[in-house]
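Structure, as structure tokens:
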Amino acid sequence: MQTYGLIGYPLSHSFSKRFFTAYFEKESIDAEYLNFEISNLSLLPAVIKEHPGLIGFNVTIPYKQAIIPYLDSCDPKAAAINAVNTVKVDRTDGTPRLRGFNTDLIGFRDSLRPLLQTHHSQALVLGTGGASKAVVAVLDDLSIPSLLVSRDSKPGTSISYKDLTRKLLGEHTIIINTTPLGTFPKIEGCPEIPFEYITERHLLFDLVYNPPVTQFLQKGAERGATIKNGYEMLELQALAAWKIWNELENGKMKNSLHRICNPLA
């Protein structure tokens with residue numbers, strides 16, 4: 001039986017395990033998906049050794065950046081944003097080689113793109129953590145200029161929430177929440193943007209998917225904005241990971257990999 005899994009800590013609410021277990025059953029695939037809840041990445045080599053059937057695994061908080069030094073190679077797009085959420089265990093030569101990718105890029109792009117209209121020409125990205133890097137990279141690829149928003153402005157990189165004016169929100173009609181604010185069980189949380197400036201021309205996208213409609217999305221909907229949560233993005237990134245694991249298994253895509261064990265060097 002082939003084995004896949006998720007590396008992270010903690011893993012009390014694992015979307016990936018639920019998704020892939022249901023997917024394997026639906027598609028009659030003889031495989032298992034395990035949660036590898038490890039408190040330190042130094043335990044990763046032992047996980048690889050103890051599971052010789054491990055084909056690939058996803059990576060979640062807090063290891064999306066920390067895992068990069070453990071990789072034998074890294075896809076250039078993942079290296080550019082310094083974040084990996086999908087790893088293929090390549091055993092072609094008998095020795096496990098870890099190859100890193102970021103499918104959050106694919107999931108976000110393919111979930112956002114059908115909603116875009118001609119007036120969606122600029123974006124505000126709420127939050128400056130790891131998730132924001134993937135979002136900004138996708139926006140750049142779509143030729144949509146973006147502005148980062150954080151609690152405290154950082155000259156040259158971001159502005160603060162208190163800097164959001166009617167003019168700025170009128171110009172930036174895409175607003176993407178990459179923070180965990182509003183996630184269950186603290187569903188009352190919400191980014192502090194001036195919702196009174198939101199109109200039906202706005203598109204509000206929340207990477208949070210539990211609850212399905214966060215306070216951020218609810219307040220946007222009340223102003224007539226188009227809203228979308230992060231659930232489809234999760235599904236799309238999971239399917240992209242499955243494709244990578246199996247295409248690499250068949251000897252494809254290897255030429256797209258660069259040996260970048262430390263992309264910031």
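The values are calculated or read from the model by the stated rules, or taken from the named source; none is laboratory data. Note that the coordinates shown come from a computational prediction; the quantities given were computed from them, not determined experimentally. Here Cβ is always computed from backbone atoms with ideal geometry, including for glycine, and neighbour counts include all displayed protein chains.
Points worth noting:
- The set of residues in the range 220-245 that are among the charged types (D, E, K, R) and under 17 Å from Val125 (Cα atoms) contains only Lys228.
- Across the range 182-206, the qualifying residues are those that are among the hydrophobic types (A, V, I, L, M, F, W, C) and more than 19 Å from Ser12 (Cβ to Cβ), and the one among them that is surrounded by the most Cβ atoms within 10 Å (Cβ to Cβ) is Leu204.
- Only listed residue being among the hydroxyl-bearing types (Ser, Thr, Tyr), touching a strand residue (DSSP E or B) at 6+ places or on another chain (Cβ under 8 Å) and modelled with pLDDT of 95 or more, chosen from Ser146, Ser132: Ser146
- Members of the range 77-119 that are without any contact (Cβ under 8 Å) to a residue 12 or more places away in the chain and surrounded by 14 or more Cβ atoms within 10 Å (Cβ to Cβ): Arg91
- For the range 49-63, a residue qualifies if it is surrounded by fewer than 16 Cβ atoms within 10 Å (Cβ to Cβ) and farther than 13 Å from Leu98 by Cα, and the qualifying residues are Glu50, Pro52, Gly53, Ile61, Pro62.
- Take the conditions (1) on the phi > 0 side of the Ramachandran plot; (2) modelled with pLDDT of 55 or more; (3) in the same structural domain as Ile68 (by TED's automatic domain parsing); Ala241 misses just one of them, which is (1).
- With a requirement of 3 or more residues that are in contact with a helix residue (DSSP H, G or I) (Cβ under 8 Å, 6 or more places away or on another chain) and either under 20 Å from Trp242 (Cβ atoms) or assigned by TED's automatic domain parsing to the domain that holds Tyr209 (or both), the helices (runs of 4 or more DSSP H) lying completely within the range 1-81 that satisfy it span 15-26.
- For Ser132: the one exception among (1) outside any helix (DSSP H, G or I); (2) surrounded by 15 or more Cβ atoms within 10 Å (Cβ to Cβ): (1)
- First in the range 137-150 and part of a loop (DSSP other than H, G, I, E, B), second anywhere and surrounded by 17 or more Cβ atoms within 10 Å (Cβ to Cβ), Cβ under 6 Å, 6 or more apart: Ile144/Ala123
- From the list Ala46, Ala66, the one residue that fits, being modelled with pLDDT of 95 or more and surrounded by fewer than 17 Cβ atoms within 10 Å (Cβ to Cβ), is Ala46.
- Residue within the range 171-191 that is without any contact (Cβ under 8 Å) to a residue 12 or more places away in the chain, part of a loop (DSSP other than H, G, I, E, B) and not assigned by TED's automatic domain parsing to the domain that holds Ile61 present: yes
- Against the conditions (1) at pLDDT below 95; (2) under 25 Å from Ala134 (Cβ atoms), Thr92 satisfies every one except (2).
- Meets criteria (assigned to a helix (DSSP H, G or I), out of contact with any Gly (no Cβ under 7 Å at 6 or more places or on another chain) and either at pLDDT 95 or above or buried (at least 23 other Cβ atoms within 10 Å of the Cβ) (or both)) for Val125: no
- Qualifying residue in the range 194-210 (condition: assigned to a loop (DSSP other than H, G, I, E, B) and touching a His at 6+ places or on another chain (Cβ under 6 Å)): yes
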